[in-house]
1. Only strands (runs of 3 or more DSSP E) wholly contained in the stretch 118-209 count here; list those with 3 or more residues that are touching a strand residue (DSSP E or B) at 6+ places or on another chain (Cβ under 6 Å).
2. Quick one: which of ALA109, ALA104 is assigned to a strand (DSSP E or B), more than 11 Å from the chain's Cα centre (by Cα) and either buried (at least 17 other Cβ atoms within 10 Å of the Cβ) or hydrophobic (A, V, I, L, M, F, W, C) (or both)?
Amino acid sequence: MLTFPLTSTRLLAACFLAIAVTACGGGDKTEKTEEASISATGTLAAVQEMAKQAEEAQKNGPVETIDFRKLKDLLPIEAAKLPRKSASGEKNGAAGMTFSTATARYENADNSQNIDLTVVDAGGTAMLMGMAAWSMIEVDKEDDNGYERTTRMGDNKAYEKYNKTDKSGETAVLVKNRFIVTAKGNGIDPDALKSAIEALDLAKLSDLK
């Protein structure tokens, strides 16, 4: 299993600290120092969380991922009032780690509105940290074009990104610290993405074995 030794984590944290300081070049020296401090603090927290989860995964050992057919069976016939047009699933693995994936496509008659709904079982491995890195940090950004933020859906960590200009975006949720459900869409509003995820029945997903 892929692991992150503590010494490597400390080195990585130091590198991120240096990058954070470099990235804040230019402008007032005091402002630059404050920005670097904020960036470095957030990055260091993320690295520490990654190390914690990696060590936990190493202790627990590999977890057999759910058969993708079971994940595929959870994909709803309709999501956000859009009919399902296709569904597929697969299981992949490398370096002793495996993950199962099921995906469905939802769209209206002329495809002006569409959503791709995906559920992934990462088996609680270190691979999860790459797939849902947003679950270990706090993000809250907004401008005239849209927003990006980390939030929660019920008891689950979630991530939202939306572009108001072209009405596109994605919403993702981490369930039971192993399942990642993602809805990506075009020509839709943010509530449609949340609705698509809720249509999958997260409670039933949590109970899968």
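FYI, it's all coordinate maths here, none of it is from the lab. Bear in mind the structure is a predicted one, so any value in this text is a computation, not a measurement. Cβ placement follows ideal geometry from the backbone for every residue including glycine, while neighbour counts extend to all protein chains displayed.
1. Details: elements: 140-143, 146-153, 156-163, 168-175, 179-186.
Counting at least 3 such residues, we get 146-153, 156-163, 168-175, 179-186.
2. Values: ALA109 fails: assigned to a strand (DSSP E or B).
From the options ALA109, ALA104, the qualifying one is ALA104.
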